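Q: The structure's right below; bear with me while I get my questions together.
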Amino acid sequence: MPGMVSLAKALGEPKEPLPVPSKVPPLPKGVGNYPAPTLKAMGYKESPTEAASKAFPGGETAGLARMAARLKDAAYIRSFEKPKTRSTAFDPPSTTALSPYLKFGCVSARRFYHGLRQAIGGQKHSQPPGSLKGQLFFREMAYLQGLTIPNFDKQSGNPACKQIPWSKEPKLLKAWEEGRTGFPFIDAAMRQLKELGWLHHLARHAVACFLTRGDLWVSWEEGRDVFDRLLLDSDWAINNMNWLALAGVASWSPPFFRVYHPVPKMDSALNVQDPEGKYIRQYVPELRKMPSKYIYAPWTAPIEVQKEAKCVVGKDYPKPLVDHEHASKANIARFKKALSSAPKAPSTSAAGSSRKR
């Protein structure tokens, strides 16, 4: 990110957005009206949930209204630091939730950028990478990487990706996708993804790490495909950049041996801050009557407590797919072995227009 900040500074401020046109010219002769494809035509079997339609109503009007409401709160804009936002905040979320509108072009990135400048108004404010301007820089960084790194969306032939011998585990992948891992925080996040088509970035971090280097040892490409299908804000470049990072395989990844615990503490980097488990009770209804003491690790509850909560682990809710302590330790060793035995990756300096998708 320091490099991206320096590049942005060298390039100067982006241009102001163009004014809204007073009229739209007619289509050229011979060009007909083409309706938007249906969800069914795009391969989706289910319609959007009522909750998703309420949380993210489509279109420019809704996107501009959401942006305007956020920009109106100058104190929020100036103090925003994304790593400090709550991963379990869902109604309302702790971030702007503008990403789907930026992805579809309902909200202009330039308009948002200059709106941030106006809201900041020369006052003291947070800085990239955690600030809202920093989030736009991350977006541009992903586009730059996606443009210049060959095979950016693959492990094979990708000079920016460490070559790791991931396992093929379709049953584990399916359990993860459906929110049936036996770890309530992970399952709540995956079920929220399916219901709303959106997740807080730290919840994305948790589930991505869990699927790959943390616990299940499944390829990041498999998880990336699930996100690509289910996220409203799925963006080819950003999705791939994030999965490369969270799988520990890229130069911009955190250290591969630092994994998120699927039973997060309230003061962990996942910023859960939800000791009562409201987030879990919302998205994992089987656990709604589980005492807060056991809500993040229900298998530790005495059987009498499980029966009282009407949620017996192994019957009403899955047992954990893995022993995290054992799995994460074994995966770190596998990762280290793969790195020590892998040939040196080719330089990314030659990356350019040869990128394949």
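The values are calculated or read from the model by the stated rules, or taken from the named source; none is laboratory data. Quick caveat: nothing in here was measured; it's all calculated off a predicted structure. Heads up, the Cβs are rebuilt from the backbone with ideal geometry, glycines too, and the neighbour counts pull from every protein chain shown. Note: accessible area is taken over every heavy atom of the protein model, side chains too, but ligands, DNA and RNA are not part of it. Shrake-Rupley method; radii C 1.70, N 1.55, O 1.52, S 1.80 Å.
Q: Can you give me the accessible area per residue for the chain, using a 1.4 Å probe, in Å²?
A: The answer is 55 Å² per residue.
Q: Provide the descending list of Cα extents for the chain along its principal axes, expressed in whole angstroms.
A: 68, 52, 49
Q: Which longest uninterrupted range of the chain lacks any GluC sites (Glu not before Pro) assigned by DSSP to a loop state (not H, G, I, E or B) and surrounded by at most 11 other Cβ atoms within 10 Å? Present the calculation step by step, with values, prior to reporting the outcome.
A: Values: sites that count: GLU46, GLU276.
Longest run free of exposed loop sites: 47-275.
Q: Also: Considering only protein heavy atoms and a 1.4 Å probe, what is the carbon-and-sulfur percentage of the accessible area of the chain? Please list the in-between numbers first.
A: Working: 11190 of 19760 Å².
Its accessible area is 57 percent carbon and sulfur atoms.
Q: Taking 25 °C and 0.890 mPa s as the conditions, I'd like the Stokes-Einstein D for the stretch 83-195 in µm²/s, using the Kirkwood hydrodynamic radius from alpha carbon pairs.
A: Values: Rh = 17.6 Å.
Taking Rh from Cα pairs, D becomes 139 µm²/s.
Q: Past 23 Å, Cα to Cα, is the threshold; run LYS23/LYS103; LYS54/LYS133; LYS168/LYS337; LYS84/LYS174; LYS84/LYS329; LYS45/LYS289 against it and keep the listed order.
A: LYS23/LYS103; LYS54/LYS133; LYS84/LYS174; LYS84/LYS329; LYS45/LYS289
Q: What Kirkwood Rh does the stretch 167-309 have if only Cα atoms enter the pairwise 1/r average? Answer in Å.
A: Values: mean 1/r = 0.0644 Å⁻¹.
Taking every pair of different Cα atoms in the stretch 167-309, averaging 1/r and inverting gives 15.5 Å.
Q: Between the DSSP loop rule and a limit of at most 16 other Cβ atoms within 10 Å, which trypsin sites (Lys or Arg not before Pro) in the stretch 129-171 are left? Please report the intermediate quantities before stating the final value.
A: On the way: sites: LYS133, ARG139, LYS154, LYS162, LYS168, LYS171; in loops: LYS154, LYS162, LYS168.
Loop-located and lightly packed - LYS154, LYS168.
Q: Hand me the trypsin sites (Lys or Arg not before Pro) from the stretch 255-318 located in a DSSP loop with no more than 16 other Cβ atoms within 10 Å, in residue order please.
A: Here the sparse-neighbourhood loop sites are ARG258, LYS265, ARG288, LYS289, LYS310, LYS315.
Q: Which value in Å does the Kirkwood hydrodynamic radius of the stretch 158-208 take, with 1/r averaged over all unlike C-alpha pairs and then inverted? Please report the intermediate quantities before stating the final value.
A: Numbers: mean 1/r = 0.0821 Å⁻¹.
When all Cα pairs of the stretch 158-208 are included, the Kirkwood radius is 12.2 Å.
Q: Right, next: Report the Cα centroid-to-centroid distance between the stretch 227-291 and the stretch 23-59 in angstrom, as an integer.
A: 30 Å
Q: May I ask for the net charge around MET290, where only other residues with Cβ less than 14 Å from the Cβ of MET290 are counted and Lys, Arg are +1 while Asp, Glu are -1?
A: Residues near MET290 contribute +1 overall.
Q: Can you find, among VAL226, PRO275, LEU98, the residue farthest towards the positive end of the dipole of the chain? Put +1 on the C-beta of Lys and Arg, -1 on that of Asp and Glu.
A: Going by the charge dipole, the pick is LEU98.
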